[in-house]
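Quick notes on the structure that follows.
The values are calculated or read from the model by the stated rules, or taken from the named source; none is laboratory data. In this text, all values refer to a predicted model and were calculated from it rather than measured experimentally. For neighbour counting, all protein chains shown are included, and Cβ atoms are generated from backbone atoms with ideal geometry for every residue, glycine included.
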Amino acid sequence: MYNPRTNTVWVPAGGTGAVDVIDVATGKLSQVEGFPTREVEGRGGAKRLVGPSAASLGDRGTVYVGSRGDSTICAVNEASLAKGACTTLDSSPDGVAYVAKTREVWVTTPRDKSIRVLDAATLAQKERLVFEGQPEGFAADNARGRFYTNLEDKDVTLAIDLATRKTVATWKSNCGAEGPRGLKLVDPEGILLVACTSRVESLDLAHDGAQLGSVDTGEGVDDFDYMPSNFQVYAGAGKAAKLTVALLGPDGTLTLLASVPTADGARNGVVTADGRVYLSHAKGSELVVVSPQAK
């Protein structure tokens, strides 16, 4: 997660039990420590340690961190890096999203096919929303009063009303068996960007999620980022070991601008105010940083 208020990149560092916080200007690394870890069995039976795995930028100097180590959501002070209030869920959290319109934190918990709605101030759970599939990805739409998520195993994207918390639209993602992953809202244009594992699509919110454009990225995309100031999309493909940079046109079309070699497994990039892209590279226990092209 990139925090423009402090010009820092926040990296939930899983099995280390910490969140690394990197000062973009100086490269200095600080840590939010003290998150429990636990061993789980992954795909293929391999054992791995899990811990903090998601971060979302709130308001009033707060960052919300989700941890798979103990299924907690914690509020962290962005300046002091001190942990504040925490709450424990009865299912492992995946995505964490702050919703400014309702001052809530929405947490996807795909293991039990639900989303938890928490009060941002106290982190008390207000509601558990149940779905017919596994929620994956998120985008809060404060202007339209909606929350968007995907059902990864159903290959659909949902629009949920923030007030009633009812699903008001279901759009076929056409991502295939692997399903849709990350989401980014382009506002006020009313375009929703959806990541499949090998491409990024753009959907028209005003016309029932009609597809406007698509750009191929190579295999291995999960989450991605978008910079409103230059209308550019940044998608790291882990299996293809490259970063795709695409331009979002005013009509919603996506045009390839650059394809940059990265590293095997590098994905889930975030872009900073100066145009640098930080990609998580778990295999190397490092971040891969791609600098903007010289003008």
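Observations on the model:
- Output for the stretch 9-30, where each listed residue is in a strand (DSSP E or B), over 23 Å from residue 92 (Cβ atoms) and touching a residue at least 60 places away in the same chain (Cβ under 8 Å): 9, 21, 22
- Just one of the listed residues (287, 203) is among the hydrophobic types (A, V, I, L, M, F, W, C), touching a residue at least 60 places away in the same chain (Cβ under 8 Å) and either touching an Asp or Glu at 6+ places or on another chain (Cβ under 7 Å) or not assigned by TED's automatic domain parsing to the domain that holds residue 29 (or both), and it is 287.
- Single condition residue 108 does not satisfy, out of (1) surrounded by 18 or more Cβ atoms within 10 Å (Cβ to Cβ); (2) among the polar types (S, T, N, Q); (3) out of contact with any Pro (no Cβ under 6 Å at 6 or more places or on another chain): (3)
- Applying the condition of being outside any strand (DSSP E or B) and without any contact (Cβ under 8 Å) to a residue 24 or more places away in the chain to the stretch 111-120 and asking which residue is surrounded by the fewest Cβ atoms within 10 Å (Cβ to Cβ) yields 111.
- Scanning the stretch 223-236 for residues that are crowded, with 18+ Cβ neighbours inside 10 Å and part of a loop (DSSP other than H, G, I, E, B) turns up 223, 224.
- Count of residues meeting criterion [crowded, with 18+ Cβ neighbours inside 10 Å and under 14 Å from residue 90 (Cα atoms)] in the stretch 124-163: 1
- Test: residue in the stretch 31-45 that is outside the structural domain of residue 228 (by TED's automatic domain parsing), within 19 Å of residue 286 (Cα to Cα), touching a residue at least 40 places away in the same chain (Cβ under 8 Å) and assigned to a strand (DSSP E or B): yes
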